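Structure first, commentary second.
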Amino acid sequence: MKPESSVGAISPHLQSLIEKFRSRTAPVGVVGLGYVGLPLVLRFAEAGVRTLGFDIDPDKVATLQRGETYIKTIAPERIAAARAKGMDATTDYARAAEADALIICVPTPLTAAREPDLSYVIATIEALAPQLRAGQLVSLESTTYPGTTEEELAPRIAARGVTLGE
């Protein structure tokens with residue numbers, strides 16, 4: 001008999017998600033296709049994971065859909081190779097429901113008081129929240145203070161009646 005972890009039993013949603021990650025069948029969405037998000041989307045695609053990139057800039061999305069780049073340090077061949085492996089890019093946040101994991105990589109510039117400006121993070125979670133479902137993993141990778149996920153994102157998600165990672 002296997003002892004239960006100190007955290008407790010793993011929910012069926014979480015167990016399913018773990019298996020999908022192990023088999024690389026969990027689609028991953030990356031929100032914000034800048035200097036952090038675009039390389040991340042490309043790395044997932046190179047590893048054989050179905051990826052979906054989200055950005056509010058239709059020009060960035062169109063550039064990627066053509067297999068081209070807008071970041072000089074990323075070769076267009078790398079974009080084209082990722083596209084050939086099924087990487088997709090969109091401005092349509094409704095497609096977030098397709099992903100089993102969503103990684104938020106949006107800017108957090110500093111305010112005049114040198115605090116992180118969370119407006120992009122908040123706008124992103126507000127746009128994603130209607131599409132979120134039980135069992136999805138949401139990770140905030142934007143540079144901000146500890147507790148942002150629990151204090152800013154979780155309440156907005158919970159307000160929609162969704163419990164993630166359950």
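Listed values, structure above:
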read-out	value
For the range 83-117 and the range 22-36, distance of Cα centres in Å	9
Rounded to 5, the percent of DSSP beta bridges in the chain classed as antiparallel	5
Anisotropy class of the range 30-92 from Cα gyration tensor, a/c 1.5 cut	rounded
Set of aspartates and glutamates near LYS85 by C-alpha distance (under 13 Å), chain-local residues within fewer than 8 positions excluded	GLU46, GLU77
Accessible surface of the range 61-166 [probe 1.4 Å, protein heavy atoms]: carbon and sulfur percent	53
Label-point gap, in nm, between TYR70 and THR144 - each point 7 angstrom along Cα→Cβ	2.2
The chain, helix-only ellipticity at 222 nm - DSSP H runs n ≥ 4, -39,500 (n - 2.57), divided by all residues, nearest 500	-9000 deg cm²/dmol
Whole-Hz ³J(HN,Hα) from phi, Karplus 6.51 cos²θ - 1.76 cosθ + 1.60, for the range 116-122, glycine and proline x	x, 7, 8, 4, 5, 5, 5
Accessible-area ranking of LEU110, LEU64, largest first, probe 1.4 Å	LEU110, LEU64
Trypsin sites (Lys or Arg not before Pro) restricted to the range 61-164 and DSSP loop, no more than 16 other C-beta within 10 Å	ARG66, LYS72, LYS85, ARG114, ARG133, ARG160
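The values are calculated or read from the model by the stated rules, or taken from the named source; none is laboratory data. Just so it is clear, the model here is predicted, and its values are computed rather than measured. With ideal geometry, Cβ positions are generated from the backbone for all residues, glycine too; neighbour counts draw on all protein chains shown. Side chains included, ligands, DNA and RNA excluded: accessible areas come from the protein's heavy atoms. Shrake-Rupley method; radii C 1.70, N 1.55, O 1.52, S 1.80 Å.
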